[in-house]
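The numbers here are math on the coordinates, done by the rules we state, and not lab data. Everything quoted here is computed from the prediction, not taken from an experiment. Cβ coordinates were reconstructed from backbone atoms using ideal geometry, including for glycine residues, and neighbour counts include every protein chain displayed.
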Amino acid sequence: MWRLCGGSTGFSARIGGGMAKGKRHTATAFVTGGSGGVGKSFTARALAQALGSHGYVTLLVDGNPGQQSQRAFLGVDWSRGIEDVGISGAMSSVLRPREVKAAFGFLPGPMAPQDPDLLDRYGDALVRLEGSCDFIIVDSDRLDGTQWDDPDTFAGGLIRPLVEKAGARLVFRVGQSGSQLDDGMAALSAVGMPERTIVAAQCAGGRKPRPDRQWRDMLDGLAAYAGTDVWTGESARIVDTGLRGFEPGSEPDWLVRTAVWLGADRSRFRKERKGGLWGRRTR
């Protein structure tokens, strides 16, 4: 689990009245869960790709400082990092879609993962980016109740204040059995913000998914339910071949429901759009 060496010293005070407002409303979502191996990074990347492919200016942020799986997947070297925000400015530090061959911009994690000021660096970047894009999707580490209550952790010191004070939302991945289910449900109970949380359940390939009605009953009072991501050969192909997400118009229902819950227009997902506000889309 990622723990910051020092707590927040500045950005929390800046979001007391909400994040800075720009010409465009920005919806920020942290993709997280209660355990590993439930597809958090895949979900964050696929969600950002889907939103960007359908015309929304979307930014993916590598929010797991110790792992930085998005940096690795997208092939971004270690000369770029979130530290650049304090030098070049927020948008100047973002890699454009053409640089990462995606429909989204990308803000990598830190070049120095042990930096004691990381919490403030992330918070400052997210506050500055408000109003510059339509959606910010933050790929985050798993969390639990202890972290949620600890302001010196990424969960308690960054995610929680942005959810409680600035309207950010949580996209939770929960496994359908064993510790992946138990830990996920425990984390949802600890967070206790059903109006700001949606769950995309995960089912391994070859297994029978739980019925949707059962999931809705289990999540009652904890979170909205987007549906179940059943891992298929297509999902594996996307990852293995380095694709950023699903082809526009072929996104699974759980992903579309998540995007719409975050504020996207459902009608945009009915047919492919040939580009976006970032410019020409690449894959």
Would you mind ranking Leu262, Leu107 by Cβ crowding within 10 Å, fewest neighbours first?
-> Leu262, Leu107
Rounded, prolate or oblate: which fits region 70-227, taking a ≥ b ≥ c as square roots of the Cα gyration tensor eigenvalues, rounded meaning a/c under 1.5, else prolate when a/b beats b/c?
-> prolate
Size of charge dipole - the chain - debye, nearest 20, with Cβ of Lys, Arg +1 and Asp, Glu -1, no other charges = 1300 debye
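Within 10 Å of each residue's Cβ, count the other Cβ atoms and sort Asp62, Asp77 from fewest upward.
Fewest-to-most ranking of Asp62, Asp77: Asp77, Asp62.
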Here FRET efficiency (C-beta to C-beta, Val260 to Ser92, R₀ 45 Å, nearest 0.05) is 0.90
How much length is gained on full extension from Ser189 to Lys208, taking 0.36 nm per residue of separation minus their Cα-Cα distance?
-> 4.3 nm
Calculate the spin-label point distance for Asp217 paired with His25, positioning each point 7 Å from the Cα along the beta-carbon direction, and give it in nanometres.
-> 3.6 nm
Inter-site label distance for Trp231 and Asp152 at 7 Å from Cα along Cβ, in nm = 3.5 nm
Extension gain Trp78-Glu247, at 0.36 nm per residue separation less the Cα-Cα distance, in nm?
-> 57.9 nm
Value in Å of the Kirkwood radius, where region 34-84 supplies the Cα pairs that are averaged | 12.2 Å
For region 17-113, what class follows from the C-alpha gyration tensor (a ≥ b ≥ c being the square roots of its eigenvalues): rounded when a/c is under 1.5, otherwise prolate if a/b is larger than b/c, else oblate?
-> rounded
Would you mind checking which residues have amide H under 5 Å from Ala224's amide H? H placed 1.01 Å from N; only 5 or more apart, or other chain.
-> Thr197, Ile198, Val199
Under 5 Å from the placed amide H of Leu60, counting only residues 5+ away or on other chains, we find Gly105, Phe106, Leu107, Ile137
(i) 1.13; (ii) 1.05; (iii) 0.93, with the label sought being that of the calculated Cα Rg over 2.2 N^0.38 Å = (iii)
Listing Asp182, Asp144 by rising number of other beta-carbon atoms within 10 angstrom, fewest first, gives Asp182, Asp144
Under 20 Å by backbone N from the virtual spin label 7 Å along Cα-to-Cβ at Ser69, the residues of region 233-264 are 233-247, 252, 254-256, 258-259
Please work out the C-alpha center-to-center distance from region 89-118 to region 35-60 and express it in whole Å.
-> 15 Å
For the peptides 208-214, 49-55, 154-160, what is the packing order when you average, over each peptide's residues, the other Cβ atoms within 10 Å and list the highest mean first?
-> 49-55, 154-160, 208-214
